[in-house]
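Asks: Input: one structure, supplied below.
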Amino acid sequence: MKWLERKWITVPILWLVVIGIWQIGALIYGSDVVPGPWATLLGAKELIADGTLVQYIGISFQRVLIGWVLGSLIAIPIGLLIGQVHIIRVFAEPFLNFIRFIPPIAFITLFLVWFGIGEQSKIALIMYATFFIVILNTLTGVLAVEEDKIRSARSMGASEWQILLYVVVPATTPYIFTGVRLAMGTSYMAIIGAEMIASNEGVGYLIWNSRLFFRTDWIFVGLICLGFMGFTTDRVFNWFGRKVLGRYGISNAPAWKR
């Protein structure tokens, strides 16, 4: 049964099974409730024809990319600082473990009040969704650095800055990479919530607004687009990690297996 281990065989079979189950659901519940693959394809063609789908995908992707990158760039140095300085960690760790359980969508109303209904509130929400995942993974990585490595560096005359740069950061890189990768998924969840409530553009708005016209096919199109957007971003980021950060132990394993 070694042929089952070949992706070029198993992946098409899996997708055929999923499409088959999808079509059966459409036949059972009707196309108004569960639009079949062909009806969804026609809905996508309709949205592509008037330029709506491509525009909304671009807007959502831009928001996610900006918030995700900014949130990660802010979280990584803060995580390294908290992990390296004990007195800061004593005060910061309980706060981080408290606020990380508050989901981003709970802050939508407040962010609209604080940052307005423009792009700032949506990007701030994605930054929030990214920040705590990245900072906690970075902190975990710093605390996981073997003490023997730090002592060896000190015995050879390395300064604290050199220890951070040449010992802590390389050892923490796999944790940082995993945190940034996991935060990507949370960023997509955050932007969809924000676009549903306070936006006139984006994939989230498409999904939410389609209910007014009872266009479940458009809803399915939006869901599929989200899946492809997230999958593509994850694959590209994983490829980047393997090519650029491979020497630090970044492999092709899924983020959830790390």
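Asks: Taking ALA158 as meeting all but one of (1) exposed (fewer than 15 other Cβ atoms within 10 Å of the Cβ); (2) not in a helix (DSSP H, G or I), write down the number of the exception.
Replies: Only one criterion in (1) exposed (fewer than 15 other Cβ atoms within 10 Å of the Cβ); (2) not in a helix (DSSP H, G or I) is unmet by ALA158, namely (1).
Asks: Further question on the same structure: Among the listed residues TYR188, TYR166, identify the single one that is closer than 23 Å to LEU125 by Cα, part of a helix (DSSP H, G or I) and of a type in the set (Ser, Thr, Tyr).
Replies: Criteria check complete, one pass: TYR188.
Asks: Here's another thing I want to ask about it. In region 177-198, which residues are crowded, with 24+ Cβ neighbours inside 10 Å and more than 30 Å from ARG242 (Cα to Cα)?
Replies: Within region 177-198, ALA194, GLU195 meet the criteria.
Asks: I've got another one for you. In contact (Cβ under 8 Å) with a residue 12 or more places away in the chain, assigned to a loop (DSSP other than H, G, I, E, B) and among the aliphatic types (A, V, I, L, M): which single residue out of VAL33, VAL64 fits that description?
Replies: VAL33
Asks: Continuing with the same structure: Anything in region 159-181 that is in contact with a Leu (Cβ under 9 Å, 6 or more places away or on another chain) and among the small types (Gly, Ala, Ser)? List them, or say none.
Replies: If the condition is that a residue be in contact with a Leu (Cβ under 9 Å, 6 or more places away or on another chain) and among the small types (Gly, Ala, Ser), then GLY179 is the only one that fits.
Asks: Can you name the residue in region 62-85 that is within 15 Å of the chain's Cα centre (by Cα) and buried (at least 20 other Cβ atoms within 10 Å of the Cβ) and, of all such residues, is nearest to PHE177 (Cα to Cα)?
Replies: Here the answer is SER72.
Asks: Looking at this structure, is GLN120 without any contact (Cβ under 8 Å) to a residue 40 or more places away in the chain and either closer than 30 Å to ILE192 by Cβ or in contact with a Ser or Thr (Cβ under 9 Å, 6 or more places away or on another chain) (or both)?
Replies: Taking the combined requirement at face value, the residue satisfies it.
Asks: Condition test on ALA190, is it over 18 Å from ALA44 (Cβ atoms), in contact (Cβ under 8 Å) with a residue 40 or more places away in the chain, in contact with a Lys or Arg (Cβ under 8 Å, 6 or more places away or on another chain) and of a type in the set (Gly, Ala, Ser)?
Replies: no
Asks: Take region 108-147 and flag every residue that is surrounded by fewer than 20 Cβ atoms within 10 Å (Cβ to Cβ) and among the aromatic types (Phe, Trp, Tyr).
Replies: TRP114, PHE115 - these are the residues of region 108-147 that are surrounded by fewer than 20 Cβ atoms within 10 Å (Cβ to Cβ) and among the aromatic types (Phe, Trp, Tyr).
Asks: Taking the condition within 27 Å of ILE82 (Cα to Cα), modelled with pLDDT of 90 or more, of a type in the set (Lys, Arg) and in a helix (DSSP H, G or I), does ARG247 pass?
Replies: no
Asks: Right, another one. Taking the criterion of being more than 25 Å from ILE250 (Cα to Cα) and in a helix (DSSP H, G or I), would at least one residue in region 137-149 satisfy it? Spell out how you get there, then give the answer.
Replies: Looking only at region 137-149, we keep the residues that are more than 25 Å from ILE250 (Cα to Cα), and these are none.
Within region 137-149 (the criterion being more than 25 Å from ILE250 (Cα to Cα) and in a helix (DSSP H, G or I)), the answer is no, since none of the residues qualifies.
Asks: Filter region 36-78 for residues that are among the aromatic types (Phe, Trp, Tyr) and within 28 Å of LEU125 (Cα to Cα) and give the result.
Replies: Of everything in region 36-78, those that are among the aromatic types (Phe, Trp, Tyr) and within 28 Å of LEU125 (Cα to Cα) turn out to be TYR56, PHE61, TRP68.
Asks: Yes or no: region 156-178 includes at least one residue that is under 30 Å from ILE207 (Cα atoms) and hydroxyl-bearing (Ser, Thr, Tyr).
Replies: For region 156-178, residues under 30 Å from ILE207 (Cα atoms) and hydroxyl-bearing (Ser, Thr, Tyr): present.
The values are calculated or read from the model by the stated rules, or taken from the named source; none is laboratory data. Not measured: the values here are computed from a predicted model. With ideal geometry, Cβ positions are generated from the backbone for all residues, glycine too; neighbour counts draw on all protein chains shown.
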